[in-house]
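Novice: I have a structure here, written as structure tokens, and I will follow up with some questions on it.
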Amino acid sequence: MKLTRLLTLYGIAFFAFIYAPIALVMVYSFNANPVNMMIWDGFTLDWYRLIFGMETGITESSTYIDSTPQLHAAVRTSFVVAFSTTAISTVFGTALALAVARYRFRLAGFYRVLLLVPMIMPDIVLGIALLIFFITIGMNLSVLTIIVGQCTFLISYVFVTVSARLAHMDVSVEEASADLGATPFATFRKVTLPSIAPGVFGGALLAFIISMDDLVITYFIAGTGDTTLPIHIWGMLRRGIKPEINAIATLMLLATIVIAGLGLYLRSRQK
Amino acid sequence: MYRAMIGPGHSACPGSSSESTLMPAPLEITAASKSFRTPEGGTITALDDVSFGLDGAEFVTLLGPSGCGKTTLLRTISGFEALDHGTIRLEGQDVTDWPSHKRPVNTVFQSYALFTHMPVSRNVGYALEIAGADKATIRRRVGEMLELVGLAGLENRRISQLSGGQKQRVALARALAGRPKLLLLDEPLSALDKNLRQKMQHELKSLQRELGIGFIFVTHDQGEALTMSDRIAVLAHGRIQQLGTPQALYRRPANLFTADFLGDSNLIPLVVAEGRGILPDGQSFTLNGAPRAGTLMLRPEDLTRTRRGEAGLTFKGVVAARYYSGKDFQIELDCPGTGRLLAVLRDDGAVPDTGAELTLHSATDALHVIEEVQP
Ligand SMILES: Nc1ncnc2c1ncn2[C@@H]1O[C@H](COP(=O)(O)OP(=O)(O)O)[C@@H](O)[C@H]1O
Ligand SMILES: [Mg+2]
């Protein structure tokens, strides 16, 4: 009896530890107090209005100077990067997963490990390596280097997700398609792709979210003019913690939940 | 069969050379070999110098124990496995190097391999869809095919909503919709229960007659093979042990493997002397041909309690076991000198029970000698 109560308490404490900070940020984002966000001073949507560039009654001293246009530019860069990397890494990751799963070749196991390494490689190491590589080949840091750099590890995530799906797929279905006259490409389009679609879609989603969120690696390989959202937020924090950051964090959380929820919904409908 | 119809001197097509009047065999495999690498680094010979063919719209069964190469042989015909050596011809055309999507044969897979993301109608119409047929043609053909396999009206079902037997029929309809020259079936009935299985055996057989195309049917079930086939190819260790009609294989097996694999048999070692085969108990009989040694095969149903004719063999012994199977008894008879014999006796109310003495006879024409010595 006593043990169960202890366990219940532990459970509550555990989830509070994880979710309380996030809940606090969300609450603070509606706090009207411009000076000390830890003291509740009434409900406001001003911080949201501020980051959307609308009129607010907030005095300049409690906001980051000249931040909103930069924020919008960073969001735009982040989306450009995320959409590009998602498209590229989904195509390459899926192709690699198919190759490793369907063809027998020497050292297949070795290649499989090579494809997993970027996921466990320390971000700092990958960041430094990419930076030095780009400098060595004389490539100026820009949005392009961010996209190329992020793809090096996002491909791994897509590869893993699609491989998991392929492992459960019956090869004889592809053979049946060929048997009935379909060329390899027709088989891929009509049989293989529909069967692994949930895996491809899941991999793409994962790539998108990780790309939007990546700070460390991107920080190394971003040009000075090309700031992504995480880098921009990092820059804001170094100038002090001001309330609008809460609103940005809350919106990012919301976007992630919407994207992940959409993914789960589409996936459940497929079954 | 086609070849026999157009013999030399019988000119079906006057004016053309006899070569071009020959209707090519639907399938002709010559000296096919295939081996696989095992993960342990060795090699397995799955097909060892196999030559085999269909002479017309036959129902041919590949029969053999698990692992003997039946699936591999089928997969080389459909093009999923490339041969190491040998050639495959379909209607006279060398297709050895053709990819599977170009070969005019279709397969009914053991696991059905249906497209679960498509409804029944698209599964069945897949070959036509791939070939670029128009929607109306596809719909008509799908309807015909579903009618043929007894699933009319199930066009819009999802695959997951079908029973095992229905999936089997969809797989069959899908394979036939594209009008293949040859249908390959890899143990298609093994997942069905006994009643459904028997029903499908009869349906498949009559379907083959109706369609007039060759069927190559794989099974490890000898009863199934005997029931359904025009000819049976018995496979073991990647080699064809014997190819012939069910009766020929059952009555006159060419080797011990076939004798043992098809039905029950008594195999008694023989010593050969002066043109006679001598049994271990001293009885002997005249041999046709001149084997140096061999084994006598006696089917259980060829042992009778009454003697037929003057000659023949006689076995005297004690009933070691008796099993009732409805219309007859299975008897195990312990004979001094010969060993244990298996017999099947009609239940006429006088079949002796365990422990009783019994004398059985076999007529000379039931004796079949296999020129192979039991290890
Ligand atoms: N892809 C493969 N790789 C390695 N060995 C194989 C492969 N396919 C079949 N074999 C081997 O070849 C032999 C024949 O197999 P198979 O044709 O499937 O037999 P069956 O269908 O008669 O049971 C078996 O020993 C099997 O293990
Ligand atoms: Mg098999």
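Novice: Taking the criterion of being open to solvent by 50 Å² or more (accessible area, probe 1.4 Å) and free of Cβ contacts under 8 Å to residues at least 60 places away in the same chain, would at least one residue in segment A:192-203 satisfy it?
Specialist: So in segment A:192-203, the residues open to solvent by 50 Å² or more (accessible area, probe 1.4 Å) come out as A:193, A:201.
Within this subset, residues satisfying the condition of being free of Cβ contacts under 8 Å to residues at least 60 places away in the same chain are A:193.
Yes: one or more hits.
Novice: Name every residue in segment B:47-64 that is open to solvent by 10 Å² or more (accessible area, probe 1.4 Å) and within 12 Å of ligand 1 (Cβ to nearest atom), in order of residue number.
Specialist: B:ASP48
Novice: If you check B:LEU184, B:LEU192, which single one turns out to be within 20 Å of the chain's Cα centre (by Cα), farther than 30 Å from B:GLU91 by Cβ and outside any helix (DSSP H, G or I)?
Specialist: Just one listed residue meets the conditions, B:LEU192.
Novice: All but one of (1) outside any helix (DSSP H, G or I); (2) more than 9 Å from chain A (Cβ to nearest Cβ); (3) within 16 Å of ligand 1 (Cβ to nearest atom); (4) in contact (Cβ under 8 Å) with a residue 24 or more places away in the chain hold for B:GLY67, so report the exception by its number.
Specialist: (4)
Novice: Tell me which of these B:ASP264 doesn't satisfy, since it passes every other one: (1) assigned by TED's automatic domain parsing to the domain that holds B:LEU63; (2) surrounded by fewer than 17 Cβ atoms within 10 Å (Cβ to Cβ).
Specialist: So the condition that B:ASP264 fails would be (1).
Novice: Based on this model, can you work out whether A:ALA178 counts as within 14 Å of chain B (Cβ to nearest Cβ) and crowded, with 20+ Cβ neighbours inside 10 Å?
Specialist: Working: within 14 Å of chain B (Cβ to nearest Cβ): yes; crowded, with 20+ Cβ neighbours inside 10 Å: yes.
Yes, satisfied.
Novice: Still on this model: Residues of segment B:332-364 being closer than 24 Å to B:GLY294 by Cβ and loosely packed, with under 12 Cβ neighbours inside 10 Å, which ones?
Specialist: B:PRO336
Novice: Looking at B:LYS205 and the list (1) more than 14 Å from chain A (Cβ to nearest Cβ); (2) open to solvent by 50 Å² or more (accessible area, probe 1.4 Å); (3) not small (Gly, Ala, Ser), which single condition is not satisfied?
Specialist: Failing condition for B:LYS205: (2).
Novice: Which condition number does B:GLY238 fail, the rest of (1) in contact with a Gly (Cβ under 8 Å, 6 or more places away or on another chain); (2) on the phi < 0 side of the Ramachandran plot; (3) within 13 Å of ligand 1 (Cβ to nearest atom) being met?
Specialist: The one condition B:GLY238 does not meet is (2).
Novice: If you don't mind, another one. Listed residues A:LYS242, A:LYS190; which is away from chain B (no Cβ under 14 Å) and over 19 Å from A:PHE79 (Cβ atoms)?
Specialist: Details: A:LYS190 fails: away from chain B (no Cβ under 14 Å).
It is A:LYS242.
Quick grid of which residues meet (1) under 16 Å from the mean Cα position of the chain (by Cα); (2) part of a helix (DSSP H, G or I):
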residue	(1), (2)
A:PHE220	no, yes
A:LEU237	no, yes
A:ILE241	no, no
A:THR250	yes, yes
A:LEU254	yes, yes
A:VAL258	yes, yes
A:GLY263	yes, yes
A:ARG269	no, yes
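Novice: Which residues, counting only those in segment B:28-42, are within 16 Å of ligand 1 (Cβ to nearest atom), under 15 Å from B:LEU83 (Cβ atoms), surrounded by fewer than 19 Cβ atoms within 10 Å (Cβ to Cβ) and more than 14 Å from chain A (Cβ to nearest Cβ)? Steps first, answer last, please.
Specialist: Taking segment B:28-42 as the starting set, the residues that turn out to be within 16 Å of ligand 1 (Cβ to nearest atom) are B:29, B:32-42.
Now restrict to residues that are under 15 Å from B:LEU83 (Cβ atoms): B:29, B:32-36.
Next cut, surrounded by fewer than 19 Cβ atoms within 10 Å (Cβ to Cβ) only: B:33, B:35-36.
Within segment B:28-42, B:SER33, B:SER35 meet the criteria.
Novice: Working carefully through the options A:ILE124, A:ILE88, A:ILE137, find the one that is surrounded by fewer than 21 Cβ atoms within 10 Å (Cβ to Cβ) and over 18 Å from the mean Cα position of the chain (by Cα). Reasoning before the result, please.
Specialist: Details: A:ILE124 fails: over 18 Å from the mean Cα position of the chain (by Cα); A:ILE88 fails: over 18 Å from the mean Cα position of the chain (by Cα).
Result: A:ILE137 is the single residue among A:ILE124, A:ILE88, A:ILE137 that is surrounded by fewer than 21 Cβ atoms within 10 Å (Cβ to Cβ) and over 18 Å from the mean Cα position of the chain (by Cα).
Novice: Just to be sure I understand the filter: pairs with C-beta atoms under 6 Å, separated by 6 or more residues or on different chains, first member in segment B:121-148 and within 13 Å of another protein chain (Cβ to nearest Cβ), second member charged (D, E, K, R). Which pairs pass?
Specialist: Here the result reads B:ASN123/B:ARG174; B:VAL124/B:ARG174; B:LEU128/B:ARG141, each pair linking segment B:121-148 to a residue that is charged (D, E, K, R).
Novice: Could you check B:ILE77 against (1) at pLDDT 95 or above; (2) within 11 Å of chain A (Cβ to nearest Cβ); (3) more than 16 Å from ligand 2 (Cβ to nearest atom) and say which number it fails?
Specialist: The single condition B:ILE77 does not satisfy is (3).
Novice: Hey, another quick one. Identify the residue in segment B:84-115 that is at the interface with chain A (Cβ under 9 Å from one of its Cβ atoms), in a loop (DSSP other than H, G, I, E, B) and of a type in the set (A, V, I, L, M) and, among all such residues, is nearest to ligand 2 (Cβ to nearest atom).
Specialist: Here the residue is B:ALA113.
Novice: Pick from B:ALA171, B:ALA131, B:ALA136: which is assigned by TED's automatic domain parsing to the domain that holds B:VAL218 and open to solvent by less than 30 Å² (accessible area, probe 1.4 Å)?
Specialist: Details: B:ALA131 fails: open to solvent by less than 30 Å² (accessible area, probe 1.4 Å); B:ALA136 fails: open to solvent by less than 30 Å² (accessible area, probe 1.4 Å).
The match here is B:ALA171.
Novice: In this structure, does B:SER78 turn out to be of a type in the set (Gly, Ala, Ser) and open to solvent by 30 Å² or more (accessible area, probe 1.4 Å)?
Specialist: Values: of a type in the set (Gly, Ala, Ser): yes; open to solvent by 30 Å² or more (accessible area, probe 1.4 Å): no.
Taking the combined requirement at face value, the residue does not satisfy it.
Novice: Moving on. Looking at segment B:96-106, is at least one residue in contact (Cβ under 8 Å) with a residue 60 or more places away in the chain, loosely packed, with under 13 Cβ neighbours inside 10 Å and away from ligand 1 (no atom under 16 Å from the Cβ)? Give the derivation first.
Specialist: So the first thing to find is which residues in segment B:96-106 are in contact (Cβ under 8 Å) with a residue 60 or more places away in the chain, and the list is B:104-106.
Narrowing the set further to residues that are loosely packed, with under 13 Cβ neighbours inside 10 Å leaves none.
Checked against the condition, which is being in contact (Cβ under 8 Å) with a residue 60 or more places away in the chain, loosely packed, with under 13 Cβ neighbours inside 10 Å and away from ligand 1 (no atom under 16 Å from the Cβ), segment B:96-106 yields no hits at all.
The values are calculated or read from the model by the stated rules, or taken from the named source; none is laboratory data. In this text the structure is predicted, and so the values were computed from the model without any measurement. Neighbour counts are summed over all protein chains in view; Cβ atoms, including those assigned to glycine, are modelled from backbone coordinates with ideal geometry. Side chains included, ligands, DNA and RNA excluded: accessible areas come from the protein's heavy atoms. Shrake-Rupley method; radii C 1.70, N 1.55, O 1.52, S 1.80 Å.
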